[in-house]
Amino acid sequence: MSDAASLTTVALRPWPAPTKDALSKEDLSAQIHQLTTERGHLRGITEKALQEEIDAGKSVPEDVMEGAETEPKKDAPAADERLKDIHRVRNEMHTKIEWAYFAAGNALNLVSLLLSRDPAKALDSGYTQMFREMNVPRGSFGIDRTVRIDDTQREEDSAKRRELVTKGSRMEALDWATDSLLQAATELETGIRKETKYWEEVLSISEKGWSLQRTRREARNAPFAVRYGLPEASNHFKARGLAPLRMNKDGGIILDSTLSLKPKTMRIRISENDKIVGTSHLPSQGGLGELAIEQSIQLARDSLFEEELFHEISMESRNLLAYGIELRNSVLHITTPALGGQSSHRKVLIDCASRDDNTLAGSDQSQHRLAQSIAEGLRLLLAHEHRMRLYRRSQVPPPLTQIKRQQPGPPLLRTLLGLFSHLTAADALHSYLNTLAKTLKSAGLDVWLDTSRDASWAKLTHSLEQSPMKDLSAIDQLLTLFTRPFDGTATISLPSTSGPQPENITIATRTFIGQPTFGAEHKISLPSSIIKVLDLEPDQSRQFKFPSTDEAQAYVDWILSLDIAHSVISKEYAGRVYSTDHEPRVSILSKGSMKNLAKEDSVLVLLEKGRLTVTATANTSLMTGTAGESFTWDGTPGKATLKNKVRSWIA
Amino acid sequence: MHELLLYGQVPLSRHDQVLKILAGVAAMQPRRVLERRIIYKPTREPEEPGAHLSRRGGTQNVVGAKPAKQSGARDLFYNQFVQKLSDGDFGHANGTHEPQEKALSAAVGPGEEPKWALEFQDMPDTGDRGVSIRATASTDLLSGDPHAWMIAAGPHQFVSEYYIEGHRFVHGNVVIFLYRLLHEPGVRSLETAPKVDLPAFSALQPFDPSGAYMLEAKVRVQDLNTPAVLENGVGQLKAFRQQMKGCVELELPDRLAMDTRVKYNAREAPPVRRPR
């Protein structure tokens, strides 16, 4: 402020141009010329000489100073001081003017900047050069009138404010922490509830006996999977028997798509004359929606089993085309021999149908039991095959060779077919033999008959008890019997040899679908006593094989009638009998009642369709006509015996 | 027939665990196996190694006579009987056995599995395939007294008998056998013939006092002539080893440890008297 005060007394005047500094060339030479005239040659002007002159104080050139300063000339030191003084003052003044200029410029800049908030005013010209170069944006500075507050109060204020801010932010942070904790708690709670529910369900599945396993890949939401497929199923079905137990939002188990498939079942239908007369079905389990998870797992397991069963059967059927099995529209048609003695055209149809589908069940269900039994039998056989797979797998394997072992498919249809044809063949034969025995008995011939459908079935319990295979369960040993060839036997004694030691005809019925019989076959073994009747060599094999039941029946008929004719009747009329051929016909010579003529009666024994017919023809050479008498036994009791009858004719 | 073998060791404490793991690996229940093995040694002494080379020193043979065909030294091998046992075959601990004059019998009924078998095991091959390969031969006996037969069949001498207790699994073509040897302590050196009446099972003690088990993984190959079959067998065995890694380490046994040859014992030289 003192500067400002001193400035008030200063007169503003242009500063004299510094003439000394700016000397042109002419000026310089002129000055040199002047110097030469005043002081002589330049060589004479030395510092020393000049100093002496200054010390002497005399020779200040008078021309140097111009204008009004005439007074200091007189007083040399005073003038000098005065000059210095003037210089100093001038410098001082100069500085102050500079300051003033600067301050005025600043003030102007400030005002201009303040005013530059108004876009209407163009104030760029008001800035100083320097400020303009700084390029301060317009309107970037504001000014306001404020009440001045004490610094202490302000500090307090700001401290208070700071405290408020801290408190506020702390509260906010706490709030946030609480929120997130609460959120975490709820999440945890739902998580726990979810896990608990999931684990409860998993546990209940596990308690029902299903085997659980960890999923191999770290699948999300599915830490466990249930293995419901049968462990010994064929590869394709084994792979299908696994379902992941996925967790839904609440922790319940989502039904896997494999579990929620519609359950299927193998359906057996019996068709007679293109009419369905029997259908097998499994009890329906209701809709999938209302089932517990364990039940749907069980349904899926059942369905898988049934599908595998059908798969195996259809694979097997490819090799069995020769037995009248064909696959049409994914339905297997099996033409079966009439079961139970009915001669209708019967077929067994096998297909894979939905388990709940009962619409196709016809009204006539007379063969329902048969269908159901076939289905159950096939299921048992597949289950047996599963256990046998484990059994075979657990045996010590044979050494490795180049030859690959190939396991043939399980004999399901083959067993079924074999059973069908065996039962048909054996039953037909045995029932025929029964009628035959009855007929013969009614004719007074003592015949002993013993039949058994299958030799191994007869002594089943015994063979199971004595079995050396301890690793196999009884049910498997039982079912193994069915996959082997069936062996039925029938023994009928010859009518001629009745007594304590009868000679028997043994008819073995052997059935196997495959080598070597390819179906049912009857093997008839003849006793040794029939040799002479048949005119066989003693060492000749007395076994004959017949592929069909009719042929076997006809052969038995023939043998028995031969025996009756050649043994029974011959024995009665020993010595009077001769036979002309290998037919069941004997000729009996008897003395004629008149004229002592020899009478020859020919007796023909005919066994056919369970009826025994004996025809006696009187063959008298003299008589022209043939008088014949005939009698037929068909099993009805209370008739005359054969011997009596023949006697009545012959005698 | 040839056997490809790998062995591992299972300490007693881990036996049950390993048994369960193996049941899972093989997907079958363990099958308990009890066997008695009776070892016989040929009574003829083996020739001194290298004896056949210097047997006929000099050239004092009759000129013109055909030189006898020099055969290499024949190795002699120990043979063993394997008798399959069941728990009922062992005697009772409390009951005192009256000495019964009965002989061993290998007779089995028709349709039954043979109980006795004569087993011959060759020394393992020298090839390096990562598994031990040896030739074996097994002959089932169906009747007769095995001991008498063995003595009569060749000059054999009873060495010892021991028992094997373990469980067997079958995993594909790999036969897994987890077993340990048992023996009747004390009586071994006194016996000259195998026992007819077996001791009580409880009287047997593990040969290894710690009770550790051995794990044997075996693949049988019919012959080694077809490399593909052999490779297949080796591959299966190695795959099983890989599968068992971390549970039981299966290793290639030392070849000489499985030597079944009868060792040549040099006859004791007569003591040389030194002049004093």
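The values are calculated or read from the model by the stated rules, or taken from the named source; none is laboratory data. The structure presented is a predicted model; accordingly, all values stated were derived computationally and were not measured. For neighbour counting, all protein chains shown are included, and Cβ atoms are generated from backbone atoms with ideal geometry for every residue, glycine included.
Every condition in (1) more than 14 Å from chain A (Cβ to nearest Cβ); (2) assigned to a strand (DSSP E or B); (3) not charged (D, E, K, R) holds for B:GLY186 except the one numbered (2). B:GLY186 meets all of the listed conditions (1) within 25 Å of B:ALA27 (Cα to Cα); (2) modelled with pLDDT under 90 but one, namely (1). Any residue at all in the range B:156-175 that is closer than 30 Å to A:LEU472 by Cα, over 16 Å from the mean Cα position of the chain (by Cα) and in a loop (DSSP other than H, G, I, E, B)? Yes, the range B:156-175 contains a residue that is closer than 30 Å to A:LEU472 by Cα, over 16 Å from the mean Cα position of the chain (by Cα) and in a loop (DSSP other than H, G, I, E, B). Check the range A:416-439 and report whether any residue there is without any contact (Cβ under 8 Å) to a residue 24 or more places away in the chain and assigned to a helix (DSSP H, G or I). Checked the range A:416-439: at least one residue is without any contact (Cβ under 8 Å) to a residue 24 or more places away in the chain and assigned to a helix (DSSP H, G or I). Among the residues of the range B:235-259, those identified as surrounded by 16 or more Cβ atoms within 10 Å (Cβ to Cβ), part of a helix (DSSP H, G or I) and more than 10 Å from chain A (Cβ to nearest Cβ) are B:LEU237, B:LYS238, B:PHE240, B:ARG241. Selection over the range B:231-266 of residues that are on the phi < 0 side of the Ramachandran plot, without any contact (Cβ under 8 Å) to a residue 60 or more places away in the chain and of a type outside the set (S, T, N, Q) gives a count of 7.
A Cβ distance below 7 Å, combined with a sequence gap of six or more or placement on separate chains, defines the contacts here; from the range A:301-314, residues that are under 17 Å from A:VAL348 (Cα atoms) and not assigned by TED's automatic domain parsing to the domain that holds A:THR258 reach no residue that is small (Gly, Ala, Ser) and not in a helix (DSSP H, G or I).
Within the range B:173-183, work out how many residues are within 19 Å of B:HIS15 (Cα to Cα) and either touching a residue at least 60 places away in the same chain (Cβ under 8 Å) or away from every other protein chain (no Cβ under 14 Å) (or both). First the steps, then the outcome.
Filtering the range B:173-183 down to residues within 19 Å of B:HIS15 (Cα to Cα) leaves B:175-182.
This time we only want the ones that are either touching a residue at least 60 places away in the same chain (Cβ under 8 Å) or away from every other protein chain (no Cβ under 14 Å) (or both), so: B:176-182.
Looking only at that region, the number is 7.
Figure legend. Inter-residue proximity from the range B:198-224: first residues away from every other protein chain (no Cβ under 14 Å), second residues modelled with pLDDT under 90 and exposed (fewer than 15 other Cβ atoms within 10 Å of the Cβ), beta-carbon distance below 6 Å, spacing 6+ or different chains. Indicated pairs: B:LEU198/B:ASP89; B:ALA200/B:HIS92; B:ALA200/B:ALA93; B:SER202/B:ALA93; B:GLN205/B:PRO185. A:ALA68 falls short on exactly one of the conditions (1) at pLDDT below 85; (2) farther than 30 Å from A:LEU35 by Cβ, and that condition is (2).
Here A:ASP450 does not qualify as in a loop (DSSP other than H, G, I, E, B), away from chain B (no Cβ under 14 Å) and of a type in the set (D, E, K, R). Of the residues B:ALA137, B:ALA117, the single one that is surrounded by 15 or more Cβ atoms within 10 Å (Cβ to Cβ), in a strand (DSSP E or B) and within 14 Å of another protein chain (Cβ to nearest Cβ) is B:ALA117.
Evaluating A:VAL396 against the criteria (1) within 14 Å of another protein chain (Cβ to nearest Cβ); (2) surrounded by 21 or more Cβ atoms within 10 Å (Cβ to Cβ); (3) hydrophobic (A, V, I, L, M, F, W, C) leaves one unmet condition, (2).
Within the range A:228-264, being in contact with a Ser or Thr (Cβ under 7 Å, 6 or more places away or on another chain) and either within 14 Å of chain B (Cβ to nearest Cβ) or of a type in the set (Val, Ile, Thr) (or both) holds for no residue.
Filtering A:ALA159, A:ALA222 for residues that are among the aliphatic types (A, V, I, L, M), over 30 Å from A:GLY251 (Cβ atoms) and not assigned by TED's automatic domain parsing to the domain that holds A:LEU114 leaves a single hit, A:ALA159. A residue that is in the same structural domain as A:SER570 (by TED's automatic domain parsing), out of contact with any Asp or Glu (no Cβ under 8 Å at 6 or more places or on another chain), of a type in the set (D, E, K, R) and under 29 Å from A:LEU309 (Cα atoms) cannot be found anywhere in the range A:396-413. Can you find even one residue in the range A:348-358 that is under 30 Å from A:THR489 (Cβ atoms), touching a Leu at 6+ places or on another chain (Cβ under 9 Å) and outside any strand (DSSP E or B)? No.
May I ask you to say which residue of B:GLY144, B:GLY130, B:GLY109 is within 12 Å of chain A (Cβ to nearest Cβ), in a loop (DSSP other than H, G, I, E, B) and either within 27 Å of B:SER86 (Cβ to Cβ) or in contact (Cβ under 8 Å) with a residue 24 or more places away in the chain (or both)? Break it down into steps so the answer makes sense when it comes.
Details: B:GLY144 fails: within 12 Å of chain A (Cβ to nearest Cβ); B:GLY130 fails: within 12 Å of chain A (Cβ to nearest Cβ).
Every option except B:GLY109 fails the conditions.
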